[in-house]
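Report on the structure given below.
Every read-out reported here was derived from the displayed coordinates using simple, explicitly stated rules and does not represent laboratory data. Computed from a predicted structure; not experimentally measured. Ideal geometry is used to build each Cβ from the backbone, glycine not excepted, and the neighbour counts take in all protein chains shown.
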């Protein structure tokens, strides 16, 4: 999940600090995901930002976070 957040330009440290419960829930969703292989493949190919919405159980949360400048990297 941390790698996906970074691929989407989301600061995982900031999310964990400010949205602790949501971060935990997202970790649980990720841990139980059946699409880990596809996720790893996309992360390795640097195509995760284009494809994650098709399989990621956290897609709606990730999209909301990356739409909020307070949670973006650098």
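Helix-only estimate, please: 222 nm mean residue ellipticity of the chain, summing -39500 (n - 2.57) across DSSP H runs of length 4 or more and dividing by its residues, to the nearest 500.
Values: 6 runs with 47 residues, N = 74.
Counting only the DSSP helices, I get -17000 deg cm²/dmol.
Points 7 angstrom from Cα along the Cβ direction at residue 55 and residue 19: gap in nanometres?
In this crude spin-label approximation the distance works out to 2.3 nm.
Just the Cα atoms of the chain, one point each, no solvent: what log10 I(q)/I(0) does Debye give at q = 0.11 Å⁻¹?
Evaluating at q = 0.11 Å⁻¹ gives log10 I(q)/I(0) of -0.23.
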